[in-house]
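Q: Quick one: the structure is below, questions incoming.
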Amino acid sequence: MKIIAFNGSARKGGNTSILINHVFEELRKEGFETELFQLAGKKIRGCIACYKCFENKDQRCSVKDDVVNECIEKMLEADGIILGSPTYFSNVSTEMKALIDRAGLVAIANGHMFKRKIGAAVVAVRRAGSVHVFNSINHFFFINQIIVPGSSYWNMGVGGDKGEVEKDEEGIMTMKVLGENMAWLLKKLHG
Ligand SMILES: Cc1cc2nc3c(=O)[nH]c(=O)nc-3n(C[C@H](O)[C@H](O)[C@H](O)COP(=O)(O)O)c2cc1C
């Protein structure tokens, strides 16, 4: 079984990546395949509200000149989806918002095509606003009928500079427990 994670941060090796990798560590211990897809540096734009996905119903976004359809394909193939984002002005990054809006609308237009996959948010934050980011990502999962496991705290790690999140022991532990719970749930669902 496979878990795909999208890192919405503009910094590839930053705190969001580090947190995702701690979740991955537990998943790999349990025999899951993992893949981290970086949105940083890739072309991605917001939804243009053309609603062609409701006409075409081909599990694709009609805007084809950026990375979104590749992301949708990876989501369709995976059993679990992690959406990781830093906190930017108390919300998800622009890149993550574009992915949420585009993949979310295509999924709904195609009969909730991510239904009953599992999903988890991972949030990096320097100081404040991470609960809003966590909620925004979970809103994507819940409206898409994606099943969301919890952890020992809300899935966030505290750190400003690149790598600083490693010092947040509780944040790292939260990622570890999240990985364990994702593995447990996937085995129950598909075991
Ligand atoms: C544009 C921008 C906006 C930010 N806004 C916030 C914020 O609202 N609250 C906060 O605590 N940190 C904020 N930060 C700090 C980042 O959330 C923090 O450094 C995080 O660890 C970055 O994760 P990364 O290393 O994966 O990019 C902001 C950083 C940037 C670049």
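The values are calculated or read from the model by the stated rules, or taken from the named source; none is laboratory data. In this text, all values refer to a predicted model and were calculated from it rather than measured experimentally. Note: ideal-geometry Cβ built from the backbone for every residue, glycine included; neighbour counts use all protein chains shown. Ligands, DNA and RNA are excluded from the accessible area calculation, which covers all protein heavy atoms including side chains. Shrake-Rupley method; radii C 1.70, N 1.55, O 1.52, S 1.80 Å.
Q: How would 44, 146 line up by accessible area, probe 1.4 Å, largest first? Could you put the intermediate results ahead of the total?
A: Working: 44 35, 146 5 Å².
Heavy-atom accessible area, descending, gives 44, 146.
Q: Rank these by accessible area, largest first, 1.4 Å probe: 153, 51.
A: Largest accessible area first, the residues go 51, 153.
Q: How much mean residue ellipticity at 222 nm does the chain get from its helices, if each DSSP H run of length 4 or more adds -39500 (n - 2.57) and you divide by all residues, to the nearest 500 deg cm²/dmol?
A: Calculated mean residue ellipticity at 222 nm is -14000 deg cm²/dmol.
Q: For region 1-77, what's the radius of gyration and Dmax over Cα atoms, in angstrom?
A: 14.8, 43
Q: Round to a whole number: what % of the accessible area of region 118-159 belongs to carbon and sulfur, probe 1.4 Å?
A: 59
Q: Thinking of region 40-176 as a set of Cα atoms, what percent of all their pairs are more than 20 Å apart?
A: The proportion of pairs with Cα distances above 20 Å equals 47 percent.
Q: Next question. State the percentage of accessible surface on region 18-90 attributable to carbon and sulfur atoms; use a 1.4 Å probe and exclude ligands, DNA and RNA.
A: 48
Q: A further question follows. Which net charge results for the neighbourhood of residue 38, defined as the other residues with beta-carbon distances under 15 angstrom from its beta-carbon, given Lys and Arg at +1 and Asp and Glu at -1?
A: Summing Lys/Arg as +1 and Asp/Glu as -1 gives +2.
Q: In square angstrom, rounded to the nearest 10, how much accessible surface does residue 189 have for a 1.4 Å probe?
A: 80
Q: Based on Cβ point charges of +1 for Lys and Arg and -1 for Asp and Glu, what charge dipole magnitude is obtained for region 25-155 about its Cα centre, in debye rounded to the nearest 20? Write out the running numbers ahead of the final one.
A: Details: 17 positive and 15 negative charges, 77 e Å.
In total the dipole reaches around 380 debye.
Q: Quick one: Cα centre-to-centre distance for region 67-103 and region 120-178, in angstrom?
A: 14
Q: State in Å² the accessible area per residue of region 74-150; use a 1.4 Å probe, count heavy atoms of protein chains only, and round to the nearest integer. Please list the in-between numbers first.
A: Values: 3010 Å² over 77 residues.
So region 74-150 comes to 39 Å² accessible per residue, rounded to a whole number.
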